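The next block holds one structure in the form of structure tokens; read it before the comments.
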Amino acid sequence: LGGWSRDEAFAAAQYVLMIKDMEGIFADLICRPPRKRYSIEELGPETFWLNGDLYIRKDFQLKNRSQMSIACSHYFPVCKKSGQAKKSIPCVVYLHGNSGCRLEADELADDFLSTGISFFSVDFAGCGVSDGNIVTLGYREREDLEAILDYLKDDSCVSNVALYGRSMGAATALLVASDDRYYAFISCMVLDSCYCSLRQVLLDHACKFTGHIPLLPYETVADSAVEVVRSAVEARAGFDLDTLDLLKVASLCQAPVLFGHASEDHLVNAAHSYRLYREYGGEKDITIFKGDHNSPRPQDFTNRARDFLVKKLKSAETDFNQIRKRKRIFHRMKFHLFKNSALKAKKEPVYKLGAVAARSECNGSTTSKEQSQEVREIKLDDHTNFFLVLVGSIVAVVVLYVLNFGNMGVEMHYRYL
């Protein structure tokens, strides 16, 4: 050990042991936490009554982008007479933590169903009875959520969705909510025990070890330990944990959100939710409740989360219906800004103003002389043609903007960076 003193040698030995411990413990915690397996019967009956109304749970599988099957359940109300699902109602999608599954969502389903909202739960890849053996704490789980949202977009029984995520599920929700493809479809979120970044979680825990190691600066030990874990995770799961930086995407999100965190959470400190709350770009609220990271959530919090989502979903559903109505009116107007037609004799491109073009089409007997008086014919080269089409497109966008002005926060989320 050269010129090291006994204390220095002891500190170095503790440092090596700490690094080895962190590499194994945290790589397993991230990539392969305990997996909850269950039988489908544990989810209960597929058809059931609640407060005098009939409900169905539809169990099925979806394929994510990696072609892995993920197990899903959709709870929804049906008409008593026809037995058909009720059309176009909001849906809450529950996203579990890293060692969770659909079973934990079953406890929340009744609360939302009783308010007239459907409920969706999933086993992320690598969890429950879905395919896969690796968990990535949001990095690949977002592929699962994207597959779910694409499915629900095409479901006529769903008008809009809310995301209710816990820990890994909360991080996944935040990542997808910042994506332009799902910006307008996600109406609101509840994020329980979300983390800022995996690196910050690891640094928080490295601090607990370094407090017992003399003569070694905290920054040196903590950074070295995190890099070792980072390398182990990349070798085992094939992703860089530094890519999961939720603070960066939080400012891009606009959907109303309720952050929640347990006061005694020693795995992900409540400071993570406070930092995300400060950076979040849209309407936001935060609440702290008693418990730890994995403890059952108090009824006060689950009630507040339910009321928050139901209120925002119902409000957004009304706005969406107004937008659909305005779109139907807009399409009926036959608003032709420019219309190409070919001259029979010269076979050159001609643009006709919409109103005059419509009259000339309806009057089949109109002579070319009369048309020349009513219709302004302009011979265009390729560059002028492109310019007019571009101008027409801009005018169309402006008209759409005006028609949707009252609800542009619902369908067109503008980002102010």
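The residues listed here are Asp154, Asp111; of these, the one that is open to solvent by 10 Å² or more (accessible area, probe 1.4 Å) and without any contact (Cβ under 8 Å) to a residue 24 or more places away in the chain is Asp154. Would you check if Asn294 is at pLDDT 95 or above and either more than 19 Å from Ile186 (Cα to Cα) or part of a loop (DSSP other than H, G, I, E, B) (or both)? No: the conditions fail for Asn294. Please verify whether Asp123 is touching a residue at least 40 places away in the same chain (Cβ under 8 Å) and either closer than 30 Å to Asn51 by Cα or of a type in the set (Asp, Glu) (or both), treating the condition exactly as stated. Answer is yes for this residue.
The set of residues from the range 269-285 being under 18 Å from Gly97 (Cβ atoms) and either open to solvent by 20 Å² or more (accessible area, probe 1.4 Å) or under 21 Å from the mean Cα position of the chain (by Cα) (or both) comprises Asn269, His272, Ser273, Leu276. Give the range 286-311 a look and list any residue that's of a type in the set (S, T, N, Q) and either out of contact with any Gly (no Cβ under 8 Å at 6 or more places or on another chain) or open to solvent by 40 Å² or more (accessible area, probe 1.4 Å) (or both), or say none. Asn294, Ser295, Gln299, Thr302, Asn303 - these are the residues of the range 286-311 that are of a type in the set (S, T, N, Q) and either out of contact with any Gly (no Cβ under 8 Å at 6 or more places or on another chain) or open to solvent by 40 Å² or more (accessible area, probe 1.4 Å) (or both).
The values are calculated or read from the model by the stated rules, or taken from the named source; none is laboratory data. Remember, predicted model here, so these are calculated numbers, not experimental data. Note that we place each Cβ from the backbone using ideal geometry, even for glycine, and neighbour counts take in every protein chain shown. All accessible areas refer to the heavy atoms of the entire protein, side chains included, with ligands and DNA or RNA removed. Shrake-Rupley method; radii C 1.70, N 1.55, O 1.52, S 1.80 Å.
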